[in-house]
Amino acid sequence: MTGLLPGFADPVADAQSTFRAVLEAMARPGRVQRLSAPPAPPAPLSPAAGAVLLALADGETPLWLDAGADASEWARFHAGCPVVNDAGEAEFVLAVGAPPALSALQVGTDEDPHRSATLIVQVSALEEGTGWRLTGPGIEHEHRLHVTGAPDGFLAGWATNRALSPRGVDVILCAGDRVASLPRGTAIEEG
């Protein structure tokens with residue numbers, strides 16, 4: 001490790017701002033939210049992925065990530081979260097490369113659907129107006145989201161994940177300083 005990079009400049013205010021942006025994104029699937037003060041995490045993490053991690057993870061939320069040793073140390077230090085080797089054991093799964101299959105992650109139970117994992121996926125770009133057609137809770141008619149760099153096979157895996165409702169994995173997409181969310185009840189059709 002070459003040196004630990006700082007987390008949020010203002011840990012309380014920046015974490016609250018990021019948390020509000022993620023809540024807004026979850027309430028309005030596919031709407032892109034720009035983060036106001038994301039940190040500069042170690043490569044290859046994007047500022048948005050680092051901010052979401054610091055705002056959501058804590059000492060009781062196991063994390064799996066594929067971003068290397070520097071990112072793992074950074075997450076452990078700033079969020080206090082335990083880093084696990086098996087994505088199936090994690091409550092937060094952060095993928096900068098090809099993510100684990102949604103079916104390999106915790107999906108909750110019928111009694112406790114909230115005991116599912118949240119997958120944070122780093123992509124190249126997020127833009128509204130074209131691309132995937134999203135419908136479902138939180139969307140009045142439909143919403144369009146163009147995701148550059150979505151993982152191969154994501155839409156097929158998503159259809160299987162959505163069929164588990166009310167169980168299933170929620171996804172937060174991160175690109176640069178932007179986030180968009182796909183709660184498990186969101187239907188996605190190719191654009």
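The values are calculated or read from the model by the stated rules, or taken from the named source; none is laboratory data. What you are looking at is a predicted structure, and each value in this text was computed from that prediction instead of being measured. Here the Cβ positions follow ideal geometry from the backbone for every residue, glycine too, while neighbour counts run over all protein chains shown. In case anyone asks, the SASA skips ligands and DNA or RNA and just uses the protein heavy atoms, side chains included. Shrake-Rupley method; radii C 1.70, N 1.55, O 1.52, S 1.80 Å.
Data for the structure
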| read-out | value |
| --- | --- |
| Relative pair counts by distance (%), Cα atoms of region 81-191, 10 Å bins | 14, 48, 32, 5, 0 |
| Segment ALA69-HIS146, extension gain: residue separation times 0.36 nm, minus the distance between their alpha carbons | 24.6 nm |
| Contact order normalised by residue count of region 1-113, Cα under 8 Å, 6+ apart, percent | 22 |
| Solvent-accessible area per residue, Å², over the chain with all protein chains present [probe radius 1.4 Å] | 46 |
| For region 165-181, Karplus couplings with θ = phi - 60° (6.51, -1.76, 1.60), whole Hz, Gly/Pro x | 3, x, 7, x, 9, 8, 10, 10, 8, 10, 8, x, 10, 10, 9, 8, 10 |
| Two-site label geometry, SER124 and ASP110: point separation in nm, points 7 Å out along Cα→Cβ | 4.3 |
| Where the Cα pairs of region 129-191 fall when distances are cut into 5 Å bins, in % | 4, 16, 29, 30, 16, 4, 0 |
| With at most 10 other Cβ atoms within 10 Å, longest stretch of the chain clear of loop GluC sites (Glu not before Pro) (DSSP) | 1-59 |
| Computed [θ] at 222 nm, deg cm²/dmol, the chain (DSSP H ≥ 4; -39,500 (n - 2.57); rounded to nearest 500) | -7500 deg cm²/dmol |
| Relative contact order of region 78-191, defined on C-alpha pairs under 8 angstrom at six or more residues apart (%) | 27 |
| Shape call, region 4-52: gyration tensor on alpha carbons, a/c limit 1.5 | oblate |
| Amide H partners (placed H, <5 Å) of VAL83, local residues excluded | LEU63 |
